[in-house]
Amino acid sequence: MKTAFFVSVLLTALISNICHAQQGLKTYYTGYFPIGVAVSPRALKTDEAALIKREFNSVTPENAMKMGPIHPEENKYYWTDADSIVAFAQRNKMKMRGHTLCWHNQVPGWLFVDAKGDTVSKEVLLARLKSHITAVVSRYKGKIYAWDVVNEVISDKKDQFYRNSPWYKICGDEYIEKAFRYAHEADPQALLFYNDYNEIDPVKREKIFKMVTSLKEEGVPIHGVGLQGHWAINEPSADQLEQTLSRLSAIGLKLQITELDISVYPKEHNARPSGTQDLKTEFTADKEQKQMEVYKMCFDLFRKYKQYITGVTFWNISDRSSWLDNFPVRGRKDYPLLFDKDLKPKKAYREVTTF
Ligand code: HAH
């Protein structure tokens, strides 16, 4: 009798465990928001493809649509990689976000200079921006429902508003609204986002609030704010994240978490080489516990703000590899995602799917 009881308890636990993981993140979040993932064209040809199809209902190209990779020379576009991700999304009836039309990193060398190597004028740079945005957005019109139009133009320095990038040096802040207008002209249906990181910092958050509010008031076609969400085991606190979501939702536009990962190392904002202090890179029980707590807290709040949040996208698929293996510390292994290197759901997976 007793044995039969224990066997049945064990079986129930086992079955519920299996079923739990099999539903897929996207199913748990059906009544909330799409769950996306950043991908490379290569990943779509490996065992990660099955995981993507099971768990997610949206994809973003991690690199394939950035200005450098997709537009390496003035008169040459390289479409192959981006096309293959769009085809995957279409084939599997997934949503697709575009990333990103205007950024200061991963830009092609030719963009800011003329044939002689001199810096181009504002008129030339805006004309180049327009032809880039028109080409890319038109090609995927109707297939990409949301674009990160402008990425990371707000400065991290407390006493500086805009980042002093080549874009800003040549155009002032005018390229920002122009980018949104060009994208809207090319695909009037696409939802257009301003995307940035570290909105949990109140100073940066207020700058973003101010810029996006004024774009909106001037009638610039902008529909949402993307919070990248590159967070860590020590930040944000629940209060900090709630203040962030509450403040930015007051702009009156939609919010998306566009690049979520939770690093198992305390947050550092600047790149540096690795040193002797970086040798302890195992995924310990302590790191796992802290990461679970942060993931749970984040998704508790995302669900609480579901009225404003229209998407949550992870930046990479599994701990097999992620951009955090090289940032901020070059070569330091990180474990920031919900799936381990064997693509099995980690304990944090259960935390975000039990509610
Ligand atoms: C993001 N920047 C970018 O939006 C994304 O395109 C890239 O793949 C990874 C992260 C975050 C960032 C950074 O790259 C450098 C310094 C601070 C923040």
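The values are calculated or read from the model by the stated rules, or taken from the named source; none is laboratory data. Just so we're clear, the structure is a prediction, and the values are computed from it rather than from any experiment. Positions of Cβ are backbone-derived with ideal geometry, glycine not excepted, and every protein chain shown enters the neighbour counts.
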List every residue pair whose Cβ atoms sit under 7 Å apart, with the two residues 6 or more apart in sequence or on different chains, where the first one lies in segment 116-127 and is under 18 Å from Trp103 (Cβ atoms) and the second, anywhere, is among the charged types (D, E, K, R) and surrounded by 12 or more Cβ atoms within 10 Å (Cβ to Cβ). Leu126/Lys178
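Listed here are the residues, each with its yes/no results for (1) surrounded by fewer than 16 Cβ atoms within 10 Å (Cβ to Cβ); (2) on the phi > 0 side of the Ramachandran plot.
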position	(1), (2)
Tyr197	no, no
Pro202	yes, no
Gly229	no, yes
Glu242	no, no
Leu253	no, no
Give the residue, chosen from Thr100, Thr134, that is closer than 28 Å to Phe209 by Cα, surrounded by 13 or more Cβ atoms within 10 Å (Cβ to Cβ) and either more than 16 Å from the ligand (Cβ to nearest atom) or of a type in the set (D, E, K, R) (or both). Thr134
Filter segment 276-308 down to the residues that are hydroxyl-bearing (Ser, Thr, Tyr) and outside any helix (DSSP H, G or I), then identify the one that is farthest from the ligand (Cβ to nearest atom). Thr284
Take segment 309-319 and flag every residue that is farther than 17 Å from Asp196 by Cα, more than 15 Å from the ligand (Cβ to nearest atom) and touching a residue at least 40 places away in the same chain (Cβ under 8 Å). Ser318
(1) more than 16 Å from the ligand (Cβ to nearest atom); (2) of a type outside the set (S, T, N, Q); (3) within 20 Å of Ala183 (Cα to Cα); (4) assigned to a loop (DSSP other than H, G, I, E, B): which one isn't true of Lys93, the others all being true? (3)
If we scan segment 156-168, do we find a residue that is modelled with pLDDT of 95 or more, outside any loop (DSSP other than H, G, I, E, B), within 20 Å of the chain's Cα centre (by Cα) and within 15 Å of the ligand (Cβ to nearest atom)? no
Can you name every one of the helices (runs of 4 or more DSSP H) wholly within segment 1-71 that holds 3 or more residues which are at pLDDT below 95 and under 23 Å from Lys347 (Cα atoms)? 2-22
Specify the residue that is nearest to the ligand (Cβ to nearest atom); the eligible residues are those in segment 70-79 that are farther than 11 Å from Thr100 by Cβ and touching a residue at least 12 places away in the same chain (Cβ under 8 Å). His71
Being within 16 Å of the ligand (Cβ to nearest atom) and either in contact with a Pro (Cβ under 9 Å, 6 or more places away or on another chain) or closer than 20 Å to Glu123 by Cβ (or both), is that true of even one residue in segment 180-190? no
Going by the structure shown, is Pro273 within 16 Å of the ligand (Cβ to nearest atom), closer than 18 Å to Pro236 by Cβ and surrounded by fewer than 21 Cβ atoms within 10 Å (Cβ to Cβ)? no
From the residues in segment 138-155 that are away from the ligand (no atom under 16 Å from the Cβ) and charged (D, E, K, R), which one is surrounded by the most Cβ atoms within 10 Å (Cβ to Cβ)? Arg139
Residues that are more than 16 Å from the ligand (Cβ to nearest atom), among the aromatic types (Phe, Trp, Tyr) and part of a loop (DSSP other than H, G, I, E, B), drawn from segment 320-352: Tyr335
Matching residues, segment 46-89, being under 24 Å from Leu129 (Cα atoms) and among the charged types (D, E, K, R): Glu62, Lys66, Glu73, Glu74, Lys76, Asp81, Asp83
Of everything in segment 125-155, what is more than 21 Å from the chain's Cα centre (by Cα) and not polar (S, T, N, Q)? Give them in sequence order. Leu125, Leu126, Ala127, Arg128, Leu129, Lys130, His132, Ala135, Arg139
Quick check on segment 192-240: of everything there that is within 16 Å of the ligand (Cβ to nearest atom) and either modelled with pLDDT under 95 or among the polar types (S, T, N, Q) (or both), which residue is nearest to the chain's Cα centre (by Cα)? Gln228
Can you pull out the residues in segment 247-261 that are within 16 Å of the ligand (Cβ to nearest atom) and of a type in the set (Ser, Thr, Tyr)? Thr258
